[in-house]
């Protein structure tokens, strides 16, 4: 298992992004010369501020935008070929889904099987079995007949995870999976991602929720108009790198002084207050200590 | 009582009712996609933009469906081109293009004021349709239904989650073009039944009504298809007795059904919403 963490390039086909630049028709260069590779069996966090090119990178990997330079290879194949082979599954952001659309939970999960079906998209026994298995795996079997708008935030996320599971594939892309979900669901999602890693899949998670990154990502790609740094979490997810990636956008709370002023706490206690759900806690020397798990 | 059965004794009435029901059914089915895509205005634009094509096709002696379809596609291309190249907002682009095409169509029509067949394009007259036109309408309706039978699921997925269609190896922009073409084709078929002005009603109202009644796409499609077929049939039947506009009666009937459903729909109706709100307020805080 630690072999996957050693990040061998070229031993087995994973995801490789080589010198990708993306320019939009209005001349805006969203991404310049971005490169990184991920080996099978990796959970990688894609971290950067809004407008950093994070979602453009996602789109390039999904073939939604065509790079003006460089290329993306998935499982050794070009993006279009990889998509035809159902190698790429994705979980959308909750805000991008029309929850009033007349579809049920089972229908959504079945959409993950479309790529495996013929042109008429008529499900066969194997498709129904894959859907049932995926629903059971995320604990949504009982709610399979609900319309998607009748679900809670965590359940909504699980439906789309189940869809990705039903599809299978080598690469799973998740766009902000932890926004608006409770801690229980977040833990369940993280558990599932770890299982998928054990199965040898690559999971790429776009997130601005810094606090949770060290808890489940073994790799991190830091993005700010290009790939600033990529590699194993302990090496890349450091204070100085994060400051480079986020610049002024990162809110820093150097709180011991402030806390002393308000006084109910003992001196020397590290205190972090934040409106973010799971703040990241760093030591004064920039070392990442972890995230805040308990409210005071 | 027997008087009510008289329309069924005439071949032309049977044909009129049959073709209205068929076109109504297909337009109703397609209206589900139009409503979910949010393309009501686009459909309105296309159905007006086909008018000059019909007149020109008649002048050139080719089937009006071909001229109408070409005209509709040209309008769609013009809209797409303008949207990509100007900072004008989409609704203004649609407004400019469709009134431009429709205006040109009306002008061309005014050059031939005595041609009844052309006059029906604007207001529709299902009882006055020539047999050749009925055949054209039937072919279009069947083709649209077949295409939806084959690509309907991909089209639905492109409306719900286009990126997932990409992940399944499909192409959302193909689906966009497909929906445009189906829209133009169905508008052509509906033209002679209800007229260019009202055909958008058949392409929106059944789907909007069914949306209030169904939580699943399959059910929504079935309801909209049924409403389209039933109102088409009843509208044509009624026009035997009423010396009025067939198109008006079909679309007005659809609107009436919509209003009833809007108020009384078991889950998404106004009454149900009020009940649910009242229930939520009365509920003790947990």
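Annotation: of all residues in the stretch A:64-91 being within 8 Å of another protein chain (Cβ to nearest Cβ) and surrounded by 18 or more Cβ atoms within 10 Å (Cβ to Cβ), the one that is nearest to the chain's Cα centre (by Cα) is A:90.
Restricting B:262, B:191, B:198, B:233 to residues that are away from chain A (no Cβ under 12 Å), touching a helix residue (DSSP H, G or I) at 6+ places or on another chain (Cβ under 9 Å), touching a residue at least 24 places away in the same chain (Cβ under 8 Å) and farther than 29 Å from residue B:53 by Cα narrows the list to B:262.
Output yes when any residue across the stretch B:240-251 is within 14 Å of chain A (Cβ to nearest Cβ), farther than 24 Å from residue B:145 by Cβ, in contact with a helix residue (DSSP H, G or I) (Cβ under 9 Å, 6 or more places away or on another chain) and not in a helix (DSSP H, G or I), and no when none is. No, the stretch B:240-251 has no match at all. Restricting attention to the stretch B:128-168 and to residues that are buried (at least 18 other Cβ atoms within 10 Å of the Cβ) and over 30 Å from residue A:116 (Cβ atoms), the residue that is farthest from the other protein chains (Cβ to nearest Cβ) turns out to be B:129. Within the stretch A:93-114, is even one residue buried (at least 20 other Cβ atoms within 10 Å of the Cβ) and touching a residue at least 60 places away in the same chain (Cβ under 8 Å)? No, the stretch A:93-114 has no match at all.
In the list A:187, A:175, A:182, which residue meets the criterion of being within 12 Å of another protein chain (Cβ to nearest Cβ) and either under 20 Å from the mean Cα position of the chain (by Cα) or closer than 25 Å to residue B:276 by Cβ (or both)? The conditions single out A:175.
Among the residues of the stretch A:216-231, those that are in a strand (DSSP E or B) and touching a helix residue (DSSP H, G or I) at 6+ places or on another chain (Cβ under 6 Å) comprise A:220, A:222, A:223, A:228, A:229.
Scanning the stretch A:101-115 for residues that are at the interface with another protein chain (Cβ under 7 Å from one of its Cβ atoms) and over 22 Å from residue B:212 (Cβ atoms) gives A:111, A:114, A:115.
So that you can scan it fast, the table gives a plain yes or no per residue for (1) assigned to a helix (DSSP H, G or I); (2) crowded, with 18+ Cβ neighbours inside 10 Å; (3) modelled with pLDDT of 95 or more; (4) touching a strand residue (DSSP E or B) at 6+ places or on another chain (Cβ under 9 Å):
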{"site": "A:180", "(1), (2), (3), (4)": "no, no, no, no"}
{"site": "A:184", "(1), (2), (3), (4)": "yes, no, no, no"}
{"site": "A:189", "(1), (2), (3), (4)": "yes, yes, no, yes"}
{"site": "A:214", "(1), (2), (3), (4)": "yes, yes, no, yes"}
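Residue-level check: of (1) surrounded by fewer than 19 Cβ atoms within 10 Å (Cβ to Cβ); (2) touching a strand residue (DSSP E or B) at 6+ places or on another chain (Cβ under 7 Å); (3) modelled with pLDDT under 85, residue A:225 misses just (3). Out of curiosity, is residue B:224 buried (at least 22 other Cβ atoms within 10 Å of the Cβ) and either away from every other protein chain (no Cβ under 14 Å) or at pLDDT below 95 (or both)? Judged against the criteria, residue B:224 is not a match.
The values are calculated or read from the model by the stated rules, or taken from the named source; none is laboratory data. Predicted model only: the values in this text are computed from it and were never measured. Note: ideal-geometry Cβ built from the backbone for every residue, glycine included; neighbour counts use all protein chains shown.
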